[in-house]
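Chemist: Could you have a look at this structure, given as structure tokens, before my questions?
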Amino acid sequence: MKAQCDFGPRYPGSEAHKKTRDWIVAQAKQYTDKVETQEFTHEWSVTKSKVTMWNVVATMDVGAKTTVLLLAHWDTRPTADMEWDVEKQKKPIVGANDGASGVSVLLELMRAFKQTPPPVNVTFLFTDGEDLGPEINEMFLGATHFAKNMKRGAYSFGILLDMVGDKDLEIPIESYSQYYARSVVERFYRNAALLGYSKQFPRQAQGQVLDDHLPLNEAGLPTMDLIDFQYPYWHTLDDTPDKCSAESLAIVGRAVESFLRKERGS
Ligand SMILES: [Zn+2]
């Protein structure tokens, strides 16, 4: 998380954005067999010019029949729109929780799965343009692009990690996930409880969250969003590493790892 935040705000078009892309690619190459970038452009309403963005797709093929998609967005919000002060609102956020946290857990899972391979193939998708905005029609751009180009039936299901680093971690069941990916939700939350993580993963509804899982679900891939939306620093300049904890990242990582290790690959 620190490495990413040290690059600074990582919004599309910034220098830090490109550096982070290269850093993620380099990290992923250490642990997976195949790493690709998926480039796309978007004409941004704010600048009226084209922005180039990149999804990073890393594949771990263990020779199983089924493949699971794990994803997190790596871009950060170009504006701190939840700040009270109008001047502060114009500044880009560091996005420790909203950006870096999900990426950190994905990289950690890669490391663990490289050491002891899981029973299923895993595709790690780092999406870009999740948080461009300002409005909802200019968000989830990388996930939408990926969903459009995704081969039908390529994945059995997806798990999205977003804002998973909060010190006070609590990830109730997100409602779109419950609707579109009910059996994944059931299995995941049951297993989290077995691990002793009922406090962090309470089996309660938290309402609908608009996120990268929507375009995937709409394209027919059941995808669960693990998100702790009760985070007072959301889209502010205070979304910094000190608000997060390594323990929270580790719990989410262990919960996903343990769940995937119980899946059947054929
Ligand atoms: Zn955000």
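The values are calculated or read from the model by the stated rules, or taken from the named source; none is laboratory data. Please read these numbers as outputs of a predicted model, since none were measured by experiment. Heads up, the Cβs are rebuilt from the backbone with ideal geometry, glycines too, and the neighbour counts pull from every protein chain shown. Quick note on the areas: whole protein, heavy atoms, side chains included, nothing else; ligands and nucleic acids left out. Shrake-Rupley method; radii C 1.70, N 1.55, O 1.52, S 1.80 Å.
Chemist: Being small (G, A, S) and surrounded by 24 or more Cβ atoms within 10 Å (Cβ to Cβ) is the filter here, so list the residues in region 162-176 that pass it.
Modeler: The one that is small (G, A, S) and surrounded by 24 or more Cβ atoms within 10 Å (Cβ to Cβ): G165.
Chemist: Can you find, within region 112-136, the residue that is nearest to the ligand (Cβ to nearest atom) among those that are of a type in the set (F, W, Y) and within 16 Å of L216 (Cα to Cα)?
Modeler: Among those that are of a type in the set (F, W, Y) and within 16 Å of L216 (Cα to Cα), it is F126.
Chemist: Report whether or not K151 is of a type in the set (D, E, K, R) and touching a helix residue (DSSP H, G or I) at 6+ places or on another chain (Cβ under 8 Å).
Modeler: It is false that K151 is of a type in the set (D, E, K, R) and touching a helix residue (DSSP H, G or I) at 6+ places or on another chain (Cβ under 8 Å).
Chemist: Hey, among M163, M150, M224, which residue is more than 16 Å from the ligand (Cβ to nearest atom), in contact (Cβ under 8 Å) with a residue 40 or more places away in the chain and under 18 Å from E257 (Cα atoms)?
Modeler: When all the criteria are applied, what remains is M224.
To keep it simple, each residue is scored yes or no on (1) open to solvent by less than 10 Å² (accessible area, probe 1.4 Å); (2) over 30 Å from Q89 (Cα atoms); (3) away from the ligand (no atom under 16 Å from the Cβ).
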| site | (1), (2), (3) |
| --- | --- |
| Q178 | no, yes, yes |
| Y189 | yes, yes, yes |
| K199 | no, yes, yes |
| H235 | yes, no, no |
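Chemist: Out of K148, K199, K167, report the one residue that is basic (K, R) and in contact with a strand residue (DSSP E or B) (Cβ under 9 Å, 6 or more places away or on another chain).
Modeler: K167
Chemist: Inspect region 137-147 for any residue being touching a Pro at 6+ places or on another chain (Cβ under 6 Å) and under 21 Å from A80 (Cβ atoms) and give the result as yes or no.
Modeler: yes
Chemist: Sticking with this one: Are any of the residues in region 78-87 buried (at least 19 other Cβ atoms within 10 Å of the Cβ) and in contact with a His (Cβ under 7 Å, 6 or more places away or on another chain)?
Modeler: Yes: region 78-87 contains one or more residues that are buried (at least 19 other Cβ atoms within 10 Å of the Cβ) and in contact with a His (Cβ under 7 Å, 6 or more places away or on another chain).
Chemist: When the residues of region 237-266 are narrowed to those that are open to solvent by 30 Å² or more (accessible area, probe 1.4 Å), out of contact with any helix residue (DSSP H, G or I) (no Cβ under 7 Å at 6 or more places or on another chain) and part of a helix (DSSP H, G or I), which ends up farthest from the ligand (Cβ to nearest atom)?
Modeler: Looking at the filtered set, the residue picked out is R261.
Per-residue answers, yes or no, for (1) more than 26 Å from D22 (Cα to Cα); (2) outside any helix (DSSP H, G or I):
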residue: A112; (1), (2): no, no
residue: T123; (1), (2): no, yes
residue: F188; (1), (2): yes, no
residue: N191; (1), (2): yes, no
residue: R203; (1), (2): yes, yes
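Chemist: Which numbered condition in (1) surrounded by fewer than 24 Cβ atoms within 10 Å (Cβ to Cβ); (2) in contact with an Asp or Glu (Cβ under 9 Å, 6 or more places away or on another chain) is the only one that L132 fails?
Modeler: If we test L132 against (1) surrounded by fewer than 24 Cβ atoms within 10 Å (Cβ to Cβ); (2) in contact with an Asp or Glu (Cβ under 9 Å, 6 or more places away or on another chain), just (1) comes out false.
Chemist: Residues that are surrounded by fewer than 17 Cβ atoms within 10 Å (Cβ to Cβ), free of Cβ contacts under 8 Å to residues at least 60 places away in the same chain, part of a helix (DSSP H, G or I) and not hydrophobic (A, V, I, L, M, F, W, C): does region 211-221 have at least one?
Modeler: no
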